[in-house]
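I have placed the structure first, in the form of structure tokens, so that the comments after it can refer back to it.
The values are calculated or read from the model by the stated rules, or taken from the named source; none is laboratory data. What you see is a predicted model, and the numbers here were worked out from it, not measured in a lab. Positions of Cβ are backbone-derived with ideal geometry, glycine not excepted, and every protein chain shown enters the neighbour counts. In case anyone asks, the SASA skips ligands and DNA or RNA and just uses the protein heavy atoms, side chains included. Shrake-Rupley method; radii C 1.70, N 1.55, O 1.52, S 1.80 Å.
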Amino acid sequence: MAVVSASAMLLAIAAPTAAASEARLVSETPGPGQLVEISVYSPAMERDIRLQVLRPKNTQVPAPTLYLLNGAGGGEDAATWLARTDAAEFFADKQVNIVIPMEGAFSYYTDWQQVDEGLAAKLGNNGKYMWSTFLTKELPPVIDSAFATTGVNALAGISMAGTSVLDLAIESPELYRGVAAYSGCAMTSDPIGQAFITLVISLGKGNAKNMWGPTGGDGWRAHDPYLNADRLPNIPMYISSGSGLPGRHDTLADPTVGADGRMLANQVLLGGGIESATNYCTTKLAERTRELGRTDITYNFHAEGTHSWGYWQDDLHRSWPMLAAAIGS
């Protein structure tokens, strides 16, 4: 009897520890309209991660899921999909769950090799960045269970995340049925790409070497969608970029600018330069995938357009029919 009792006590003690090591839904708070604010514990990052979920109008019928990633701010600033575009209205009548991480600034949504104290201080977290593990292994089962989804997924992202979604698709080729990348740079081991990524991470006070190791090393090449284009899964993809020249959304009258002259100047000057660089990367990726005989990737090169929300909203709308067909929405 003593042995049995001791065993029972050990199981009772071990059970909470085992549960604590699993990804799980921590909180769920209804927001306006079809929005739900949730928090999910990530064992890999040892902290709770905030996310926004747009639920389909008919929640009684299982729906697929589109994971929609923010840019360099990672949802930790004001530049987010729901704040800067019509995403909530656009998806309101569509049978799909939209899951938007509200953390991940300057992280490239990848697994980092080292803890980064600079980013930790800037963002107020523990400095552990294991975003690929979280997004591809920990989070999907939690979302599927919490919202009774169909288990079918797609992935889309802008700017920084426009690079990340291609890398995530290569790392987890069975997870997604469709991918869309807006204004990303696929050439992460190219000197221009490395310089841009290093700059983005430095804006968060981080050290890019903590992410993939020494610049130009094996880690950078391993996460380069251009070099690894032959490993892109054979699924429908939509990849877009603008030329960097001012276009129809680069005016004071555009709703995404809000008559803010300073924002417009920044959008045209800085945003124009960034978009011309991503256009170069996207052009090279298109050449590479065509060499490989890929016919299921739609490239949309805009004659005009800066690195800004108006164009990303347009591309979200344009890419949705492809994504919807891929996931059965």
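Note on segment 203-241 and segment 27-57: Cα centroid distance 27 Å, given to the nearest whole angstrom.
What is the percent carbon and sulfur in the accessible area of the chain, measuring with a 1.4 Å probe over the protein chains and ignoring ligands?
Working: 7940 of 13940 Å².
Percent of accessible area from carbon and sulfur atoms in the chain: 57.
In terms of Cα to Cα distance under 19 Å, which aspartates and glutamates are near enough to Lys205, apart from those fewer than 8 places away along the same chain? Within the straight-line limit of under 19 Å, Lys205 reaches these aspartates and glutamates: Glu76, Asp77, Glu103, Asp111, Asp116, Glu117. Bridgeable lysines around Lys137 (alpha carbons under 21 Å apart, same-chain partners fewer than 8 residues away excluded): Lys128. Projected label points at Thr251 and Glu28, each 7 Å from Cα along the beta carbon direction, are separated by 4.5 nanometres. Please give me the summed charge of the neighbours of Ser240: other residues whose Cβ is under 14 Å from its Cβ, Lys and Arg +1, Asp and Glu -1. Counting the neighbours of Ser240, the net charge comes to -3.
How much area per residue is accessible in the chain when the probe is 1.4 Å and only protein heavy atoms are counted (Å²)?
Using a 1.4 Å probe on heavy atoms only, each residue of the chain averages 42 Å².
Measure out, as a whole number of angstrom, how far apart the alpha-carbon centroids of segment 281-329 and segment 63-116 sit. If you average the Cα positions of each part, the centres end up 18 Å apart.
Of Glu76, Glu174, Glu138, the residue with the greatest mean-square motion in the GNM of the chain, using alpha carbon springs below 10 Å, is Glu174.
In the chain, the longest principal axis of the Cα atoms and the axis of helix 261-291 are about 80 degrees apart.
The stretch between Val115 and Asn266 holds 51.1 nm of extra length on full extension. This uses 0.36 nm per residue minus the Cα-Cα distance. Under a Gaussian network description of the chain, with springs only between Cα atoms under 10 Å, the residue in Val40, Val53, Val61 that fluctuates furthest is Val61. Here each label is just a point 7 Å from Cα along the line to Cβ, and for Leu292 and Asn126 those points are 3.6 nm apart. Entry note, the chain: relative contact order of 16 percent, from Cα contacts under 8 Å with a spacing of 6+ residues.
Any idea what the relative contact order of segment 178-329 is, in percent, if you count C-alpha pairs under 8 Å spaced at least 6 apart? Present the calculation step by step, with values, prior to reporting the outcome.
Working: 229 pairs, mean separation 49.9, N = 152.
Relative CO of segment 178-329 lands at 33 percent.
The aspartates and glutamates whose alpha-carbon is closer than 15 Å to the alpha-carbon of Lys94, local same-chain residues fewer than 8 away aside, are Asp86. In this simple spin-label model, placing a label point 7 Å from the Cα along the Cα-to-Cβ direction at both Ala44 and Ala259 gives a separation of 4.6 nm.
Estimated purely from DSSP H runs of n ≥ 4, each contributing -39500 (n - 2.57), the mean residue ellipticity at 222 nm for the chain is -12000 deg cm²/dmol once divided by its residues.
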